[in-house]
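J.: Below is a structure I'd like to ask you about.
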Amino acid sequence: MKESKNKNFATELKTIEQFESFKRYKVNLEDGFGEAYITKSKKDYQLSFDGVFPYSADKKIKILLNNEIFTLKSTDFKNPIHSRLAEIPAQHTFDIDGIYKGDLNNSTFFKMFFFDDSKSTNIFHYKLEKAKHDGIIPWAFECVRLTIMKKRYDITQHNDKENSYFIIENLDSVTLEEFSEDSYAIQKGIGFLIGYMPGGENYIFSGENFIYRSLSRNPLKTFFHPVTSNPYSKLYKSKEKEIADNYYGKLKVIPSSVISELITQLRYNMDFSVAIIFLMEVASLKSIVSMPGVFSVILESFANIIIIKQNKQEKLITDKDLVGDIIHDMNTVIDKHSKKIHPEAEIKMRRRINEINKPVNFNRLTNAEKLRAPFDQLKIKLSEAEEKAIDYRNYLLHGNILMNNETERTSEEIDNHMLYISAKLYTLISKLILKSCGYKGYVINHSKLYEQNRINSKEEYFEEI
């Protein structure tokens, strides 16, 4: 029987907790004369210094902390424009962009730590396939294993005392640059799949050496995520229990193969990567005014990315006799109403009928056809409501931001309608992304969950693709 080995992050977390606790902690500068203190304030490190500061052209200085040498990096450390100012003793406070211990450039195995502000425990549960025990690779309950170009990675949600962390680690050797690029793709992919993308700041460890980085992109949290295997997490009202019972056992988590394909796409396809970030950023704002318009743009972006380029021309119906029968029947209908139709209009209609089976040229599709083409290619059937949601793009292009039609609505009904359309578009985007990555199963139909008042569709709460 193989021995169970659990992941152990105690050494790294001890270092993180030590640095995070610094409140005006005294350090010594390798060069320069004066008193220096390092402080962690909220999500930023600061260096306070009183004396003649040793400015540096490379924006780095070395400090001695607990008898060990560390390097601090900050744009504030660059030489001042007037060099004489650098020679004057003064009190300074610098924002620190990075902290370095040792050199990670020759390392091949890393662990990246993010603070977890999701306020959700067991965040992968019911959403993603989790890593299995194998008795070889250290295991954790809340851990997802994926592959990027044959390189294996684990991402773990780890609770330690009062704090929670997301930890990305590589299981096959990579360079620091590869690890950083792969990890960013993992952040984005996992963020889309669970509705929370870690960010803000991180620590990268390799043995005792580490890097601290303050990141420009903060964590992103949305109320949307595409899949759950637990119908009761969405249908929890007493009147919905029977509906949830019907889905129980049918819904599945997203398999690791699909997770890996999605993250590989994010790693190597810049358009795909930017579109996912755009989707996450807008969804995190929770603005029902912004979401419909931007989601329409994002849907069009993904349609252009995912569409399979085809040079051939394709007839809709291959049976010539059937085409002839349809044209004959349609002309018969025109004959019946010809006295009520202007002669020129009748001629144009008959010409169009004769070309009803004209081959489709995939290089000359209209914008509306381009939006629908990837759904057709991936064999995702669009409902009438989904067709209408796609067409709302035209409202927005013509400045009708509130998507008003001839139906009178109150302000509350307009808000509900816009939330419904946003949720419908998000569901369509989810279907495209997941199906293009090989997913087969159910996705959450968010629009059904958010429909209110006049909107009372007969759609399913979970839709199979």
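Here, each number is a calculation from the coordinates, and none is a lab measurement. Since this is a predicted model, take the numbers as computed values, not measurements. Here the Cβ is made from the backbone with ideal geometry for all residues, glycine too, and neighbour counts use every protein chain on show.
J.: When we measure straight from the Cα of K59, which lysines land under 18 angstrom away, once same-chain ones fewer than 8 places off are left out?
T.: Those lysines meeting the cut-off are K73, K78, K101.
J.: If we count other beta carbons within 10 Å of each Cβ, what is the order of F302, F192, fewest first?
T.: F302, F192
J.: A follow-up question, please. List the relative contact order of segment 111-221 as a percent without decimals, with contacts defined as Cα pairs under 8 Å and 6+ residues apart.
T.: Once divided by the residue count of segment 111-221, the mean separation gives 28 percent.
J.: Non-local amide H neighbours of W139 (under 5 Å, H modeled in plane, Pro and chain starts lacking H): which ones?
T.: Here K5, N6, K7 satisfy the definition.
J.: Tell me the relative contact order for the chain as a rounded percent, counting alpha carbon contacts under 8 Å between residues six or more apart.
T.: Relative contact order, the chain: 11 percent.
J.: Which of the lysines could a cross-linker bridge to K340, judged by Cα under 23 Å and excluding same-chain residues fewer than eight apart?
T.: K348
J.: Could you tally the net charge around R24, taking each other residue with its Cβ under 11 Å from the Cβ of R24, Lys/Arg +1 and Asp/Glu -1?
T.: Residues near R24 contribute +2 overall.
J.: Can you compute 3J(HN,Hα) from phi for each residue in segment 317-323, using the Karplus curve 6.51 cos²θ - 1.76 cosθ + 1.60 with θ = phi - 60°, rounded to whole Hz and x for Gly and Pro?
T.: 10, 8, 7, 4, 4, 5, 4
J.: L13: net charge of surrounding residues, Cβ under 14 Å, Lys/Arg +1, Asp/Glu -1, itself excluded? Display every interim value, and only then the final one.
T.: Details: positive: K7, K14, K111, K161; negative: E12, E17, E20, D116, D160, E162, E169, E208.
Net charge around L13: -4.
J.: To continue, here is another question. Would you calculate a helix-derived [θ] at 222 nm for the chain, using -39,500 (n - 2.57) for each DSSP H run of n ≥ 4 and dividing by the full residue count, to the nearest 500?
T.: Result for the chain: -11500 deg cm²/dmol, rounded to the nearest 500.
J.: Select one label from (i) 232; (ii) 202; (iii) 245: the one whose number is volume of the Cα convex hull per residue in Å³ as derived from the coordinates shown.
T.: (iii)
J.: Further, regarding this structure: Starting from segment 227-256, pick out the chymotrypsin sites (Phe, Trp or Tyr not before Pro) whose DSSP state is loop and whose Cβ has at most 15 other Cβ atoms within 10 Å.
T.: On the way: sites: Y232, Y236, Y247, Y248; in loops: Y236, Y248.
Listed in order of number, the matching sites are Y236, Y248.
J.: Loop-only trypsin sites (Lys or Arg not before Pro) in segment 121-185, please: DSSP not H, G, I, E or B, and at most 12 other Cβ atoms within 10 Å. Present the calculation step by step, with values, prior to reporting the outcome.
T.: Working: sites: K127, K130, K132, R145, K150, K151, R152, K161; in loops: K127, K130, K132, K150, K161.
Those satisfying the criteria are K132, K150, K161.
J.: So what are the ³J(HN,Hα) numbers for segment 106-113, from phi and the Karplus equation (6.51, -1.76, 1.60; θ = phi - 60°), rounded to whole Hz, Gly and Pro as x?
T.: Couplings: 9, 7, 10, 10, 9, 9, 10, 10 Hz.
J.: To test your reading of the geometry: what angle, between 0 and 90 degrees and rounded to tens, separates the Cα axis of helix 176-194 from the longest principal axis of the chain?
T.: For 176-194 against the chain, the angle is about 50 degrees.
J.: Follow-up. Could you name the lysines whose alpha carbon sits less than 22 Å from that of K239, not counting residues in the same chain fewer than 8 places away?
T.: K250, K448, K458
J.: Which whole-angstrom value gives the distance between the alpha carbon centres of segment 142-184 and segment 35-49?
T.: 29 Å
J.: Neighbouring Cβ atoms within 10 Å as the yardstick, rank D95, D76 fewest first. If you can, show how the numbers build up before the last one.
T.: Values: D95 13, D76 16.
By the 10 Å Cβ count, ascending: D95, D76.
J.: Largest first and in whole Å, what are the equivalent-ellipsoid semi-axes of segment 316-358 based on the Cα gyration tensor, each being the root of 5 times an eigenvalue?
T.: Taking √(5λ) for each eigenvalue gives 22, 11, 5 Å, largest first.
J.: Rounded, prolate or oblate, given the Cα gyration tensor of segment 111-221, with a/c below 1.5 counting as rounded?
T.: Note, shape of segment 111-221 comes out rounded.
J.: Let me ask something additional. Among F53, N79, T15, which residue has its Cα positioned farthest towards the positive end of the charge dipole of segment 10-101, with +1 placed on the Cβ of Lys and Arg, -1 on the Cβ of Asp and Glu, and the dipole taken about the Cα centre?
T.: T15
J.: Could the peptides 167-176, 272-281 be put in order, highest first, of the mean number of other beta-carbon atoms found within 10 Å of their residues?
T.: With the highest mean Cβ count within 10 Å placed first, the list reads 272-281, 167-176.
J.: Also, I was wondering about something else. Just to confirm a number: summing +1 for Lys and Arg and -1 for Asp and Glu over residues other than I96 whose beta-carbon lies under 9 angstrom from that of I96, what do you get?
T.: Residues near I96 contribute -3 overall.
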